[in-house]
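In what follows, a structure is listed as structure tokens, so that the remarks can point back to it.
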Amino acid sequence: MPVPFKIAFVTIGQSPRTDIVPEMMADISLGLPEGSVDVEEFGVLDGMSPDELDAIRASDGEHSFATRMANGAEIVTSTLRTEARLNLLLERVDQQGFDLIVLLCTGTKIEPLKKTLVVEAQRIVDSTVDALAVSARQLGVILPLERQVKDFAERHVFPGSPRLVAASPYAGDDMADRARSLDGCDLVVMHCMGYSKEMLDAVRETVDAPVLLSRRLVAGVVRQMI
């Protein structure tokens, strides 16, 4: 029997990401023989005490991430402190013999690894959207947090002036209602790995335009690498 392809999924929240990985793996493993892929998950916030979690939360005005705890609750963390811990975690995962590391966040900046190829969700999503948005009259972008709307241009560069709206995938926000402000856009991207197929369907019912789901873009790339 062939040796399984080993994938490490790394989240900036807590693992396991039962809201992301099973849905992605359904796309990635479609048509592959059973046992073709082995998966292990790692989280930046795994094993942290309540005091440590409090220390990594974002303060007012700070660049931030919205991510998910193992119990499903949302936590808003400091981009600076989260990325510092993320890079340390990736260094450890890099030593564990995986064929591929998949980073489950579309807003992170990481240091290059020495041994393992990394699929950076942000680069995959931003490069795809950038290529398509050149011919779009109006790009719409859905983000998890209102504070990310304010500093989006500092971390992402798309053609024109994208129309931005915030809707958290973890706090029960009404995706269809939030997406109504994107009426008139001719391309929309749900710019967070936390957005699910169910949330995509809700947005598509509201927006008369193609809608890109970040986790599907990333899953498509991973599938081609197995």
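The values are calculated or read from the model by the stated rules, or taken from the named source; none is laboratory data. No experiment lies behind these values; they were computed from the predicted model shown. Note: ideal-geometry Cβ built from the backbone for every residue, glycine included; neighbour counts use all protein chains shown. Side chains included, ligands, DNA and RNA excluded: accessible areas come from the protein's heavy atoms. Shrake-Rupley method; radii C 1.70, N 1.55, O 1.52, S 1.80 Å.
How large is the charge dipole for region 21-162, taken about the Cα centre, if only the Cβ atoms of Lys, Arg (+1) and Asp, Glu (-1) carry charge, to the nearest 20 debye?
Roughly 460 debye, rounded to the nearest 20.
What part of the accessible area of region 100-183, given as a whole %, is carbon or sulfur when the probe is 1.4 angstrom?
Reported share for carbon and sulfur atoms: 47 percent.
From Cα pairs below 8 angstrom and at least 6 apart in sequence, can you work out the relative contact order of region 150-206, rounded to a whole percent?
36
With r defined as the distance between the Cβ atoms of S135 and S161 and R0 fixed at 22 Å, what FRET efficiency is calculated, to the nearest 0.05?
Step by step, r from the Cβ atoms, then E = 0.90.
Taking the Cβ of L182 as the center, what net charge do the other residues with Cβ under 11 Å away carry, scoring Lys and Arg +1 and Asp and Glu -1?
Cβ neighbours under 11 Å give a net charge of 0.
Please tell me which of these pairs span more than 29 angstrom C-alpha to C-alpha: K115/K197; K150/K197; K6/K150?
Result: K115/K197; K6/K150 exceed 29 Å.
Counting only C-alpha contacts under 8 Å and six or more residues apart, can you give the relative contact order of the chain as a whole percent?
20
At 7 Å along the Cα-to-beta-carbon direction for both E198 and K109, put a label point, then send me their distance in nm to one decimal.
Placing both labels 7 Å along Cα→Cβ, they lie 3.6 nm apart.
Calculate the FRET efficiency for R180 and K150 from the Cβ-Cβ distance with a Förster distance of 22 Å, rounded to the nearest 0.05.
Efficiency computed from Cβ-Cβ geometry: 0.60.
What does the accessible area per residue of the chain come to in Å², with a 1.4 Å probe and no ligands, DNA or RNA counted?
Value returned for the chain: 48 Å² of accessible area per residue.
Can you tell which of G72, G13, G43 shows the greatest fluctuation in a Gaussian network model of the chain with Cα springs below 10 Å?
G72
Under 20 Å from the Cα of K114, which aspartates and glutamates turn up, not counting those fewer than eight places away in the same chain?
Here the aspartates and glutamates satisfying the reach criterion relative to K114 are E40, E41, E83, E91, D94, D99.
Share of antiparallel DSSP beta bridges in the chain, in percent to the nearest 5?
20
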